[in-house]
Structures are given as structure tokens and as C-alpha cells.
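Notes for the one structure printed next.
The values are calculated or read from the model by the stated rules, or taken from the named source; none is laboratory data. Nothing here was measured: the structure is a model prediction, and the numbers come from that model. Cβ placement follows ideal geometry from the backbone for every residue including glycine, while neighbour counts extend to all protein chains displayed. Just the protein is used for accessible areas: all its heavy atoms, side chains included, with ligands, DNA and RNA removed. Shrake-Rupley method; radii C 1.70, N 1.55, O 1.52, S 1.80 Å.
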Protein chains: 2
Amino acid sequence: MTLNDDELKRLDAYWRAANYLSVGQIYLMANPLLREPLRPEHVKPRLLGHWGTSPGLNLCHAHLNRVIKARDLNMIMVVGPGHGGPAAVANAWLEGTYTELYPHVTRDARGMERLFRQFSFPGGVPSHVAPETPGSIHEGGELGYSLAHAYGAAFDNPDLVVACVVGDGESETGPLAASWHSTKFVDPAGDGAVLPILHLNGYKIANPTIPARIPEDELLRLLEGYGHRPIVVAGDEPAAVHRALAAALDDALDEIAAIQRRAREDGATDRPRWPMIVLRTPKGWTGPKEVDGLPVEGTWRAHQVPVTGVRTDPGHLALLEDWLRSYLPDELFDADGVPVPELRELPPSGTRRMTASPHANGGLLLRDLELPDFHAYAVEVASPGRATAEATRVLGALLRDVIAANPDDFRIMGPDETASNRLQAVFDVTDRAWNAARLPGDDHLAAHGRVMEVLSEHLCQGWLEGYLLTGRHGLFNCYEAFIHIVDAMFNQHAKWLETSRAIPWRRPVASLNYLLTSHVWRQDHNGFSHQDPGFLDVVMNKSPEVVRVYLPPDANTLLSVADHCLRSRDYVNVIVAGKQPALTYLTMDEAVRHCTRGIGIWEWASNDEGLDPDVVLACAGDIPTLETLAAVSLLREHLPELKVRVVNVVDLMRLQPDTEHPHGLSDREFDTLFTTDRPIIFAFHGYPWLIHRLTYRRHGHHNLHVRGYKERGTTTTPFDMVMLNDLDRFHLVMDVIDRVDGLGGRAAHLRQRMADERLRARAHTRLHGEDPAAVRDWTWPEAGR
Amino acid sequence: MTLNDDELKRLDAYWRAANYLSVGQIYLMANPLLREPLRPEHVKPRLLGHWGTSPGLNLCHAHLNRVIKARDLNMIMVVGPGHGGPAAVANAWLEGTYTELYPHVTRDARGMERLFRQFSFPGGVPSHVAPETPGSIHEGGELGYSLAHAYGAAFDNPDLVVACVVGDGESETGPLAASWHSTKFVDPAGDGAVLPILHLNGYKIANPTIPARIPEDELLRLLEGYGHRPIVVAGDEPAAVHRALAAALDDALDEIAAIQRRAREDGATDRPRWPMIVLRTPKGWTGPKEVDGLPVEGTWRAHQVPVTGVRTDPGHLALLEDWLRSYLPDELFDADGVPVPELRELPPSGTRRMTASPHANGGLLLRDLELPDFHAYAVEVASPGRATAEATRVLGALLRDVIAANPDDFRIMGPDETASNRLQAVFDVTDRAWNAARLPGDDHLAAHGRVMEVLSEHLCQGWLEGYLLTGRHGLFNCYEAFIHIVDAMFNQHAKWLETSRAIPWRRPVASLNYLLTSHVWRQDHNGFSHQDPGFLDVVMNKSPEVVRVYLPPDANTLLSVADHCLRSRDYVNVIVAGKQPALTYLTMDEAVRHCTRGIGIWEWASNDEGLDPDVVLACAGDIPTLETLAAVSLLREHLPELKVRVVNVVDLMRLQPDTEHPHGLSDREFDTLFTTDRPIIFAFHGYPWLIHRLTYRRHGHHNLHVRGYKERGTTTTPFDMVMLNDLDRFHLVMDVIDRVDGLGGRAAHLRQRMADERLRARAHTRLHGEDPAAVRDWTWPEAGR
């Protein structure tokens, strides 16, 4: 017997206390200890919160505390059924953490009343597990990411055990279903362990759940198929469940220790069958069995607030009071409302408390990356626009050395595309993490690789979030179009960061860095399905405090931007860069100056000589920059009297007013660059309306004409792609001619020639299957600056 | 032995022909039959395409043809590894379908040359399975949705068998992992069958795949855990694999027939263990074994183009020629390049050919929905803004009768929220589809329910896409914030529709209808994670030909919009509507007129009497409309001399110029509504910049001031949510006062009062946990129109 009677009694008391505090948060705004009979005015006017999952979470928390103490474990808990916010908060308060972080919520009657009142109350705390919740790295609103977050936390934390309660509801989601396969990516020697606890309480809002309604044999096969050894704990009689769960946890933790010992001491390299727990207990366990004649405990009716008429229906009020008193609060809290000593002694202390673990407030553990001097990777640019480099390949060399210098707190995630995205230099110093079978001929697979590749953008994102939130660094490289797969996860992470910034005890974490390559203008071969630059629009909807978008035009600017992003904190940085050979424009020093400003006039390409130009050609993104420069060279050749200014934008946020975004230009700065009255032809990487959205308040906006991707795509050639979207050099020249007044006959002639060039280029492409060589091989005509 | 030697020989010949045609598409632009020695100029200048998966797909297609003929099956094939476009096209050409649909691509040497040349060639066809591909309902670009599409096709098609080749790469994705659980939602009596063929060729672009690298026992447990009986076929010796695959298919199809007979004739109600096939063959099977000393066949190097230097390296050219000739083309095609009679006779004929099935061109089978007259569900509106209704509950009654009238071609999908979204009237006539265990107390679960609830937005979307593309109708109801989970799937479906519209033989299908409710302004209780109206921004990036967004302000307008959307074709319709009790404004006749125009002046709320107003208050969305009207009533009470015009927008596309969207207003129409010189205060449901993006070219744009959700959210009350975002009535009044010149002292006084009201409302909320009653119970003050 794992538990003796006394231990069982104390564990059960702790569980009752957490359950009492959970119910109290949902219902009460006064009389927290029921020291007087419950009256309607003690109850909140709006009853919000989720009871159903709370007793199960409380059960897990209490039992995990037991094993933490018994084994001196370093453990955190990821709460998949995040709607059970009351449970997470209750345990933080019981453990004392809540009061340490929020001193006005004292661990006594007065604090308990505050704790209850603030829950799901205006000005209070959310009903879900959230950044405000001590001990959490996992937002409990949108479901499906708990297990990926748990693995992200465990990577490179060999001494950490991450307990992850997986809800049976969320286990129906795709991201969660894929996350089980993380077993093939965790290294028992170098990584920590994840202990999944699949909690089958059987119901979602209105329906049963799939895993609870398939035969147990089928469920166990599924979990074994995921690579686990499941241990089942089931019941609805507390003492029996306490004993079974305690035994199961001991079994699981013994095995985790044995697996790690085998790998670390004996050098075992086989993939272990990690233990996990299947916990089958009633939804809303210990809550009302029946309300108004309908069964509640153990059904979907227990999901949220099981008794709702409490302020108006005396029967409901009595039901609530009986329910609360069934936990015997007078045994649990002393006269001042302080948890009795036996309860206070049960949890571990200090940072061993899961609610106080620094791993769940990763900024506490964050070390600056050792970053090599990025200048060392610069490509030589003797003259702008004359030679080519593959920007991401150049970045790959920097990333290789970042990996080498930071062997245990930097990882690169990507869906099987790290080499395709030309970052393969990283494989000089590391491998791809892979703990399934290996065969001769495999390319850089190893149990502890720093590169994580899986054909699931959800897993890449979820792992990286977990890794960052526990105080490490990373980069997610992805085909631009398919990053939309994680739009929703990005949204939730951005919201997490924004909320965290306002919580004093949450320390800044490393930014989430996206490198989007294989982008819209170079997916001509893969076709329409691979062409979508719209992630930028999703990103720009989030708080300006949190999001940054960079469009470096060439290799050296990419180096400078990447260095900046890797040093930053608490942002989401999106970098869009090409992987194909592309012209280079700026020396490293010039690149640094340009990226520091984020936007600037390229004087070597302009001929306005610091005076008022006739037209401004602006560009953001590598291909728009190329086409703009090619257009400028045509204009300068054929209409030399036209004064052209070229403005390049690296930091998209610079376009916004400074009142809207911290990077925004003042109106005066904007006007100086773009003028207030000259036509601006803006060639943009993404959907053109994004530029309008950023600039509609600017003085020159009525002169602004934007070209970008307007959802015209197919399988064709690179130049045909820009032609399809009127972003090509010839069309940009036509745009200029159409918008600058008084250019006369030579311009009209040039315009016609440009239209002819477009037809010729298209005809050539259709005939030969490739772009005309003159377009393909174009370089900036004048050497030197 | 399932196959006799002669059958095997013919099957193998067919397979060789399809493989030959696949390689030809990737490489050749001339000399398609190799009737002369291969020379560099016969080879395309840009080699694009994916060979690796093609031989496996060809193998499946050939074998499925055998069983279709042998059993007279009605079958389609979903090609999960959609990069294998060459295989899908090759089979369509071999079966004659390609020539029927594209008559210039004749089934002879000349047509073969065209077939080869057009593949991945400018002006040609994509390298992936796409709308252009006969027999496909599944875009092969973004991976992970094949199995969900297959189930969507099978629902309510009791005589259809959907073979679904699942790639081992895509099986790492979340959506695919969740899709296996579709076994719990398919009804063997009323639905067709899905036959998954998990094709383990072992590799992605650069890595092995998870399912190919776990022990077979573990894989089989996983598949059994998903509810299947897997049948393994493995090998790299063609004859043996032919025999094994033929036997496996016979086994599987015998069992499918037996399962269906048991359910349909014997009334069996247990959930069957559906058979499936695990096919383990080498990647790039029959291709080059080795190139430049590196192994290719059976490795990730076979993924795309295995031999690349063909135009410059004579050794590579010879390798390609040997490879092509290894299929013995002279045995397969006659002197004119026509497939020899034995090949032509092998496939089934007419619509039994998978490439010619009307199920894969669902518009051919589409019937108009039987729609009840939506007027019958109207709520009575004696006077605008005086009484309330729950808009989605009213819609639920209409949907109930749509379901009753269309028992076999209309389904509602949703992640466990149909009742939460107040559509529960549908359960008067149907149930939730559910074929796992049922228990007493379950709420409307049945094997053949018309409502499909699973906690996976991916599955809801994927099932619905498959259902619509095979010629049926449906609706996806979802919490607004979480629809972002399927952003990427929406993008791909919109692209599919846009491409399909330009393909003459693709017949229009029913629109994909989203009902987004539990929206940003009514997720005050669930908090920040549940607040995100940004799906509209994602939608608006897609082609204007395809997307429609509606924001009905009340119950009757929702009925009118829903009726319109259910009748429409080839669109994605997004309807945002509230589920909470909300004021009603328009009688049914007025609602129809308003929705038909999509935008209009609400004269009963305006006091400009058809003359030039001093200010225009515009609104889109139920809550913005409420706050606007409350602001207008304050203005009319306190500043009666101010001439106010109220414009309500239902159809967001009306705001765009008519040059940008078919629904767009002309400038003259826009100016008539909004004026060119009066301040416009626009209260919008979503992110405010979306309105600027739609209107930046309008004359009155410089006077336009938009309020909307600016990413300020938390757990609070409904009115506090609008206050946090400055969308509340008091702030709108302040906005008017700030922007209308010459209002004088009373206005300044009113402005101060409004600011005070805001403070009071916030204080009340923080104290009492609910909005002030005066705000909560506000109605339009004047009865009558």
C-alpha cells in the first residue's frame, strides 16, 4: 500500500480544501468561510467559471505534491483543461505562492474573500489558467496545446519533470493528437521527462468525449501506439482513487527515473516506453449529484456552474451551502481562515512548489544568448546590386555558430524544411532531434539534435512556446504560406506576452522569432496553394507592444535583423527573407545603419540629390526591392530628367504613426522621406492594403499607390508571378509614368515599350518555361556608390 | 491467389504506363514516346515536380480500378500526398477522362507531348493535385486534410467508397492525427465507407517519417486504437506487392460490404472496426537506385526530381533515358502513342472511373436545398429597438426545418457548441452524429445525426469541405475567436473555389457558410483568449470573387442573410451574429430590404430628414449597432439641433469600391450615404483598420473615424468590454462632439457628462460585478417608426 491511512487522510483534506476554494471562487463574494449561514447577497450576481474539471485538477495537484516531496522532484504542471482556473488558483493560494506574488490576497479569511471575489470578476482574474496564474506557462482558453507546451518545457531541462494534465475534450483536437508523437523527439539523457495524465472525466460542454467512450482496450492500444505505457486509475470513491493514483504515480516516477538512469548512466540508446497515467473520475466529482431532478455530477451538466439559481431559489442556495459544507471547511481553515498546519505542511516549499517554480516564470532563468559578432558573416558588397547571395544560407552560418555557442538553450524548429530553407550550415555542428529508429543513410538524425523537424507546424510552434516560456531561446523557420496553420497559436502567444508584460512578477522571456522564407514570390513552382503572405496581416492585428515585422532586402540586412531579434525579449518577431540567390545591396556597415533606422532613402539608387523628387519609389521585401531598382534603372536610363527617390523599408512598423506603435515615424519624419505631395509607388511583399492600413493617416497617403500580392497566383516562373500581380519592373515604370504629370512624349513611348516588354516576357515564359535571361540576370547597371 | 498471372501482368503494365507518364511529365517537353534517342533539348529547362510519392499513388490507382470493375463499385480516391500531381494526371489521361475534359490533350502521342509539357510549366497545370485535376476534391499543397475530406465525402453517400491515400509525411500533422477519430462519426447504415491506405514510403523532404520508423507492432496498435483493423502490405518486389495488395483490397472491401450489410440489413448498431491498409513500399520505387554515387530509390532523395543535371550531364541524361525505357513504353503505347487496348480496357468506364466520378465534381450532383420561407420565423418588431430576441436562437428554428426538409444533404458542423450557440432547436428533429458508446442521459446522440460536433475545428472544416465538394450543403458554427484555428484551411478552400470558377467543367458547389457567434463583444466572461474578431481580416485577403462577409444587426436580418447564404454557390460566406438577447430593429420586410441593399440609412434613427447631416454615425455588427443607437439617442436628447444620420452596414463588401468587389458601392452611392465632407463615426465589430482598408479611396475617408476592437480585453462585463475599446455609447457621443465644429457650450457640458458616465459605469462594474442596469436595459426611447 503506497499510502498509509494518515497520509491518505491528509491528502484528502488537502483535496477538499482545494475543492472548497474552487467552488468558493465560482460562487462567493462574501462569507468565505461560511462562518454564518449562506445568504443570497454572499453570492456573486454573475456566476462564471468551470467547476467540472476542477476536482480532477485538484486531485492531481495534491498527489503531485506528495511525490515532489517524497522524491525531491523539480516539477511543473501544465493544466490542459485550462478552464479549470479555479483549481490552479486555489492551489497557488494553498501553497502560499499566491500571497507572495499578490500580497493583498493574504492567506487568511480576508484574503480568501478577495481570492473568491476577484475570480471572473471585473478588474479581477480570468476564469482560465492565464499569465496571471502562478505556476503556469499555458493559457487555458484555446485548447489543444498542453502536451506540446509540456515537451517544450522538458527539452534541455534534464532534471525537470513536466506533469501534463490532458483533458479528454482537448484530446480531440488535431494539435493535441499530433503532440503524443513528441515521444519520438525527447531524449532521455539530455531532456527532462513529460508525464501525461489523460484525465477522462467523460464530457465536454454538451457531449461525451471520444477517448472516454471507446473501449478501454482500444484506448490503451492508442496510447501504446503513441509510444507510452499507460497506467489506468479509475473510480468514484475517493479513498480508493487516492490509493490507486498514489501507486500509479510512484510506478510512473520510478520508471521515469529508471529510464533516465539507463540513458544517462548505462548509455542506453533505445527509445523508452514512457509511462503515463489514464485517470478516469467523474466530471464535477464531489459536486451536486442532482439539480432540479437532473443528474449533474458525472455528466456534461457539471461543466460550468452546476447550480445557477442561487440568488433567487432558496433550494439552490441550500444546495450550494450543503455542497460547500460537505468539504468541512472548519476542519480545513482555522479561526482566522488560515489553512490548518497539516495542510500548510503538505506541499513542498520554496521553488519546489509547482506554483512557484522558476521554470514556470522562465524569464527568471533566462540567460542572454552567446551571440557571435554577426559582422563576421557579412557577404562582401563591392557595389550595390551587382552580386548575389542566398540570404538564408548566409544566416545559416550565423545560426550554426549560435548553436555551437549555446549548446543547451537554443533550438531551431521547422516542418522538415531547415535544409530546404538553406539553413543547412547548422548541420555542421548539430543534428535533427530524432529518437525513433535510425537507418544507414539518414541525414543528421540524433537523439539530442538542436534542430527539431516534424511535419506539423502546430508542434513546432507549441514546442517552441514551451521552450521559450521556460527561459530559453529559439527560432521557427517555415514556408511563408503555411505559417497560417498556426495563426491561432500565434494569436494566443501574443496575447500571453501582452498580458505578461503588465504582470510585475512575470519576467521577460526571449522573443518568438519566425523566419518566413520560401515566400510568396518564390513559390512559382509550387503554385497557388503555396502563395500567401497574409500572416503579416494576422500579426499586425495584435498589440503594437508585442509584434515586430522585418523585411530585410538582402543577406547583410538579414544578418543585422536576425541579431537584433535574437537579443530581444517579449516580442513576436517576424522576419521574411528569401532563400534564392538574390542581389546584395548594402555592406555590413550600411546594413546595420539601415536596419537601425528601419527605413531610409537609398541615395545610390536615387537621383533627386537631396532635393524634392518627382516621384518616390518605395519598397519592402527582397523581390519588391529588386523590381523597384530595376524599374528605377529603366527610368534613369530613359527619362534621366525625372528625379527619382528610392525608399527601402525593413521595419514595417516604421510606417505607422508614432502614436500607434513605438517604432512609428513621426509625421515630420515620414513626410521628409515620402514628401507630402509627390506620387509614391510602393512595391510591397504582401497584400497591398496592409500598407494603406498602416499609412492612411499620413499626409502623403492620397498620393500613395501600392503594388503587392493581390491573390493572383499559379504554377509559373518567378517573373511571371510578379507580372501577374503588376509588381514587375515594367509595370512599376508604367505606374510612375501614369502618376507623374507633364512627362511628355518620351514617357508615353516608354510606357508603350514597357507594356510590350511585359507581353514579350510572358510569351517567352510560355514558350520556354523560364524567364527571359535579361530579366533573370539583371543587375544594377552602375558599379560603385 | 487473388490475381492470376495474366491479371498481374496487365496490372503491372498499367502501373508501368502510369509511372512512365509521371516521369514524362516531370522531365519531357518533346520526344514523349522516346521514339528517338533522348537529347537534352527534349528535357524541360526547369525540372519541377515530385516523383517520390508517384509510383505508390499509381499502384493504388491501378489496384483500385481492378476492384471497382470486379465489384462495380462507386469509388473516388483522395490523394493525401498531393504533391504526387503527376500520378493523378497520368491516371486521368490513361482513363480517357483527361481528354474528355481537355480535348486538346488527346490520348495519343501529340496529346502526350502536351500533357508532359504543360505540367508545372507556365500556363500549364500545377505540380500538385488541384482543382484542375480530374477526379480530385482535395488540393495537394498544404498537407493534413485528406482523411477529413474523405469522410466528408462519405457522409450521406451510402453507396460510395472513398479510398484515401494518407501520406506518412502528412500523418505527422495535427489535423490528420485527429481525423482518424472520424471512425466514431461514420454511420455504416446511412453513410458510405472510407478506406484509408496509409502509404509508408518512409520519407518527407529530408527526414524519415514517424509512422515508418516506429516498430510495426506499435504502429498497428496506434491504428487499432483509432478504431481500425489494419492490413499490412509491404515489399519492394513488384509481383509480390501486386499480389499482396490485391488480396488486401479484396479483404478490406469484403469486410466493408459485410459491415454495411450487417448495419443495413441486420440492424447491427455496434461500431465496426473498419479495415484499412498499411502499404509499405520504397519512396520513388522503380526510379533510379543511385545517382552520383548516392542512394536515391527508397530514400528522401527521391522526394522531388531524382536526377537533375539532365540537360548538361550526359550521364544524367542516360540515367533518365534508361529509367524511362525501363517501363518499356513501346509495349504500352501503340505507334500513334495511344495506350494499347489491354491498357485501355483495364479501367472501369464512364462515371465508374475515379477520375470521372461526379462525386469528385460535386456541382454535378448538387440539388437546391428545400428552404422553408424564412419570413415564417420572423420575430415581431412592433417598434425598432424596444424588444429583444436571441438572433441565433431564432435562426435555430429555421435550421431545424432546413434539416427536416433536407434529410440527406445538409449538415451542421461545430466544435461542441451548437447548443451553446443557441441553435438547439435543431435537436427537435435530429441528433448529434455519434457512433462511439452511448450512455443513458446522453443528449441527442445517434449514429446518423445531422449535427456533427467534435472538439476540433480542423475536423469540422475538413468534413464540411469534403461534404460540400461532393455536392451537398452545410454550415459551420463556431466561437468567433477560435475560427482562426482553421485560417489556413479556409485559405486553401478559398483558393480552390477561385481556381474552380475558371474551370469550365467544374460545376458550382454550395458555399461554405460560417456562422461566427459567441463573438468578441460577448466573451467578456471567458476573457482575452476568447476575444478575436480577426478572421474577417484573413477572409478579406482572398479573392473578392469568392468571399462575402455579413454582419446582421438583429434576428430578422440574420434570417434574411442566412437564407441568402444557404442559396448561394461557390462562395465562402461569413456571418457574424450574436447569441445573447439583443434588441431587434427591423420587421422582416424591412430586414429583407436592408439586407438586399446590404447597407442603408436607418431613417427612424436619423434626424437629418433627408438633408445633409452634421454627422454620420455608421455601424456594422450587433453590438456596435446597439452602442451607436444609444449614442444617437443621447445626442438627440441633449443636442436636438444636431442633424444625425445613422447608416447600418450588413454586407461589409459594400464599403469597397465597385472596381474592387462585385458588391462594392459606386463612389456616387457611397458619397450619397456617407457625404464627402461630414464627420463619420463608424462603430465596427472587428479591428477598426479593416474599415479604413476598405474605404481609403473614398472621398469622405479623411473624415472617417472608426471605433472597433483594438485588442483590449480581459475578463469583465459586456459594457466594460466596449468601454475598454472606446466603442461605448458615451465615447461615441464624445467622438461626435470632438469632430463636429461649432457645437458650443452645451456640447462641452455633454462631453464632460459622458466622460463621467464612463467612470461611473466602470466603478459600478468593479463594485457589483455587473453592468449598470440603465445600460443593460437600455432601449430605443421613441416607440414607433
Determine which single condition residue A:503 fails, assuming it passes every other condition in (1) under 20 Å from residue A:453 (Cα atoms); (2) in contact with a Leu (Cβ under 9 Å, 6 or more places away or on another chain); (3) among the β-branched types (Val, Ile, Thr); (4) open to solvent by 10 Å² or more (accessible area, probe 1.4 Å).
(1)
Check the range A:574-597 and report whether any residue there is over 29 Å from residue A:421 (Cβ atoms), out of contact with any His (no Cβ under 6 Å at 6 or more places or on another chain) and either assigned by the TED database to the domain that holds residue A:753 or open to solvent by 20 Å² or more (accessible area, probe 1.4 Å) (or both).
no
Regarding the range A:742-750, can at least one residue be identified that is open to solvent by 40 Å² or more (accessible area, probe 1.4 Å), out of contact with any Pro (no Cβ under 8 Å at 6 or more places or on another chain) and in a loop (DSSP other than H, G, I, E, B)?
yes
Restricting attention to the range A:710-734, report how many residues are open to solvent by less than 10 Å² (accessible area, probe 1.4 Å) and touching a strand residue (DSSP E or B) at 6+ places or on another chain (Cβ under 8 Å).
4
Is there a residue being aliphatic (A, V, I, L, M) and over 25 Å from residue A:65 (Cβ atoms) anywhere in the range A:149-171?
no
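Yes/no per residue for (1) surrounded by 24 or more Cβ atoms within 10 Å (Cβ to Cβ); (2) in contact with a Cys (Cβ under 9 Å, 6 or more places away or on another chain):
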site	(1), (2)
A:420	no, no
A:424	no, no
A:427	no, no
A:440	no, no
A:448	no, no
A:451	yes, no
A:457	yes, yes
A:463	yes, no
A:467	yes, no
Of residues in the range B:194-232 being of a type outside the set (Ser, Thr, Tyr), more than 27 Å from residue A:431 (Cα to Cα) and touching a Ser or Thr at 6+ places or on another chain (Cβ under 8 Å), the one nearest to the other protein chains (Cβ to nearest Cβ):
B:227
Of the conditions (1) in contact with a His (Cβ under 7 Å, 6 or more places away or on another chain); (2) open to solvent by less than 10 Å² (accessible area, probe 1.4 Å); (3) within 14 Å of chain A (Cβ to nearest Cβ), the single one that residue B:410 does not satisfy is (3)
From the list A:310, A:296, which one is within 24 Å of residue A:212 (Cα to Cα), over 31 Å from the mean Cα position of the chain (by Cα) and of a type in the set (Val, Ile, Thr)?
A:296
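Let's see how each residue does on (1) touching a strand residue (DSSP E or B) at 6+ places or on another chain (Cβ under 9 Å); (2) open to solvent by 40 Å² or more (accessible area, probe 1.4 Å); (3) at pLDDT below 95:
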{"position": "A:252", "(1), (2), (3)": "yes, no, no"}
{"position": "A:260", "(1), (2), (3)": "yes, no, no"}
{"position": "A:271", "(1), (2), (3)": "no, no, no"}
{"position": "A:298", "(1), (2), (3)": "yes, no, yes"}
{"position": "A:316", "(1), (2), (3)": "yes, no, no"}
{"position": "A:323", "(1), (2), (3)": "no, no, no"}
{"position": "A:330", "(1), (2), (3)": "no, yes, no"}
Going through (1) over 36 Å from the mean Cα position of the chain (by Cα); (2) buried (at least 18 other Cβ atoms within 10 Å of the Cβ); (3) within 14 Å of chain A (Cβ to nearest Cβ) one by one, residue B:701 fails only at (1)
Does residue A:204 satisfy the criteria of being under 30 Å from residue B:179 (Cα atoms), open to solvent by less than 10 Å² (accessible area, probe 1.4 Å) and at pLDDT below 95?
yes
Among B:529, B:518, which is hydroxyl-bearing (Ser, Thr, Tyr), touching a helix residue (DSSP H, G or I) at 6+ places or on another chain (Cβ under 8 Å) and within 9 Å of chain A (Cβ to nearest Cβ)?
B:529
Can you tell me which residues in the range A:37-49 are within 10 Å of chain B (Cβ to nearest Cβ) and under 21 Å from residue A:289 (Cβ atoms)?
A:47, A:49
Going through the range B:522-545 one residue at a time, which ones are of a type in the set (S, T, N, Q) and under 30 Å from residue A:708 (Cβ atoms)?
B:531, B:541, B:543
List pairs: first in the range A:327-350 and under 22 Å from residue A:238 (Cα atoms) and in the same structural domain as residue A:66 (by the TED database), second surrounded by 13 or more Cβ atoms within 10 Å (Cβ to Cβ) and of a type in the set (Gly, Ala, Ser), Cβ under 6 Å, 6+ apart or cross-chain?
A:332/A:17; A:343/A:17
So which of A:191, A:187 is in contact (Cβ under 8 Å) with a residue 24 or more places away in the chain, open to solvent by 10 Å² or more (accessible area, probe 1.4 Å), more than 9 Å from chain B (Cβ to nearest Cβ) and over 27 Å from residue B:438 (Cβ atoms)?
A:187
Does the range B:119-131 contain at least one residue that is open to solvent by 10 Å² or more (accessible area, probe 1.4 Å) and more than 9 Å from every other protein chain (Cβ to nearest Cβ)?
no
Can you spot a residue in the range A:102-117 that is facing chain B (nearest Cβ under 10 Å) and modelled with pLDDT of 95 or more?
yes
Quick one: which helices (runs of 4 or more DSSP H) lie wholly within the range B:600-697 and hold at least 3 residues that are within 28 Å of the chain's Cα centre (by Cα) and more than 26 Å from residue B:777 (Cβ to Cβ)?
B:689-695
Considering (1) buried (at least 21 other Cβ atoms within 10 Å of the Cβ); (2) touching a residue at least 40 places away in the same chain (Cβ under 8 Å), say which one residue B:485 fails and leave the rest.
(2)
Within the range A:450-488, track down each residue that is more than 11 Å from every other protein chain (Cβ to nearest Cβ), part of a loop (DSSP other than H, G, I, E, B) and either within 24 Å of residue A:437 (Cβ to Cβ) or not charged (D, E, K, R) (or both).
A:450, A:470, A:471
How many residues of the range B:433-449 are over 24 Å from residue B:164 (Cβ atoms) and within 12 Å of another protein chain (Cβ to nearest Cβ)? The answer is 9
Any residue in the range B:153-163 that is more than 12 Å from chain A (Cβ to nearest Cβ), in contact with a Cys (Cβ under 7 Å, 6 or more places away or on another chain) and assigned to a helix (DSSP H, G or I)?
no
Just one listed residue, out of A:522, A:548, is open to solvent by 10 Å² or more (accessible area, probe 1.4 Å) and of a type in the set (D, E, K, R), and it is A:522
Specify which of the listed residues (B:231, B:214, B:259) is closer than 30 Å to residue A:273 by Cα, in contact (Cβ under 8 Å) with a residue 12 or more places away in the chain and within 33 Å of the chain's Cα centre (by Cα).
B:231
